[in-house]
Amino acid sequence: MYKIVQTTAGVCSSKGFFADGVSAGLKSENALDIAFIYSDTECEVASVFTTNKMYAAPIKHFRAKGNFKTNFVLINSKNANAMTGKAGFDDIDEILSNCSSMINPIMSSTGVIGVRLPKQKIIDGIKLFDFTKKESSRASRAIMTTDSFSKEIALEVELDDGSSFSIGAMAKGAGMINPAMATMLCFISTDADVHKGEMQEILDEVTKTTFNAISVDGDTSTNDTVLLLSNAKSGAYDKEAFKEALFKVMHFLALEMLRDGEGATKLVTYKVSGAKNDKEAEIVAKTLSDSLLVKTALYGEDPNWGRIASTVGASGVETYEEKLKISFDNHCVYDKGELYFDEEMEKKCAIVMGHKKFTISCDLGVGEGSFKSYGCDLGHEYVNINADYRT
């Protein structure tokens, strides 16, 4: 058995990891805008990237390295270095040449698409780094774009034999969030002594039910990145414990992104059961979390269950009107052709939708498949934020 305990220090919580954020002048008013994560020994790396075919230069640069170990990640906000061609790739080489003391340094970026990196500002900013710093909160703030708050977490896993390992993480993301990751970056450090192949396998599996199960607005970014780095310094590991702790870390950060969805006021769980199989349940759940009509109804606190039923039908999976059941929390509004949405029920469901968090459940009644996705509402503030994003 094992015990999982929440700790502090975020991405710096694991042995041998350091991080900080500084201002390089990419943002106005001396705001923090570049960050680093550094390990005093080399790390195995597992990764998951965007499904967008126009993936950004930092992802191309990472993939060009092949199989490698690293001990350094440089992150900038304000500029995505996406759609910048060979020049964007070469810019990374030039910037990282100023980190020559590091082992196979990695760069990750987030921000506006289609603009070259301000190389000299970033190079000058690197000179401000102090690699003895454990300032995870500053690092997590430096990677923010439209985020209204930083996102970090750390867990310690205590094993029965008295050994322990830690997992710490920071992330950013608030908009352009779709169930194929998001405009999101997530950096996870661990001192667990985990083999790279197993680490990648577990990361892929956990991503499916965390970052790949959330939606703010249905748009998939060019820069989505999850990096998991292990320096194995604890000497401890247990697969089951590692997987559970990693899920807790990534699930927490995924829901924090939804909670911070641009202009969002609701965090909604879509619980789909009774599908033909798990894949069809996943399709329905993600279609619901992605639907603009559903999102706007959530924002208006309108328990318009007809939009839920219509979206289930539009998902394309096997489903039947006479087998479907829809509930808002524990209030059933439709059950296998029977309507329960009278005036009293509407009032009850409206109260549910007034909450910050609630669940919409759909039982398709055709099989054993199930899946949970997570979404938020969409309102006026989302338009305000994104109408002038570049300025």
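The values are calculated or read from the model by the stated rules, or taken from the named source; none is laboratory data. No experiment lies behind these values; they were computed from the predicted model shown. Counting neighbours? That spans all protein chains shown, and the Cβs are built from the backbone with ideal geometry, glycine included. For accessibility, only protein heavy atoms count, side chains too; no ligands or nucleic acids. Shrake-Rupley method; radii C 1.70, N 1.55, O 1.52, S 1.80 Å.
What the table shows:
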item: The range 142-169, subset part of a strand (DSSP E or B) and within 14 Å of the chain's Cα centre (by Cα), residue nearest to Thr265 (Cα to Cα); result: Lys151
item: Residue satisfying all of: in the range 359-376; part of a strand (DSSP E or B) and open to solvent by 10 Å² or more (accessible area, probe 1.4 Å); modelled with the lowest pLDDT among these; result: Tyr374
item: Filter result (in a helix (DSSP H, G or I), under 25 Å from Ala56 (Cβ atoms) and either of a type in the set (Ser, Thr, Tyr) or open to solvent by 30 Å² or more (accessible area, probe 1.4 Å) (or both)) within the range 206-247; result: Thr207, Lys208, Asn212
item: Total residues in the range 267-318, condition touching a strand residue (DSSP E or B) at 6+ places or on another chain (Cβ under 7 Å), part of a helix (DSSP H, G or I), of a type in the set (A, V, I, L, M, F, W, C) and over 19 Å from Thr210 (Cβ atoms); result: 5
item: Any hit, the range 197-204, residues being open to solvent by less than 10 Å² (accessible area, probe 1.4 Å), under 22 Å from Thr145 (Cβ atoms), among the β-branched types (Val, Ile, Thr) and in contact with a helix residue (DSSP H, G or I) (Cβ under 8 Å, 6 or more places away or on another chain); result: no
item: Members of the range 67-94 that are touching a strand residue (DSSP E or B) at 6+ places or on another chain (Cβ under 9 Å), at pLDDT below 95 and not in a loop (DSSP other than H, G, I, E, B); result: Asn79
item: Of the criteria (1) free of Cβ contacts under 8 Å to residues at least 24 places away in the same chain; (2) in a loop (DSSP other than H, G, I, E, B); (3) crowded, with 17+ Cβ neighbours inside 10 Å, which one Glu321 fails; result: (3)
item: Enumeration of residues in the range 95-130 that are of a type in the set (Gly, Ala, Ser), in a helix (DSSP H, G or I) and open to solvent by 60 Å² or more (accessible area, probe 1.4 Å); result: Ser97
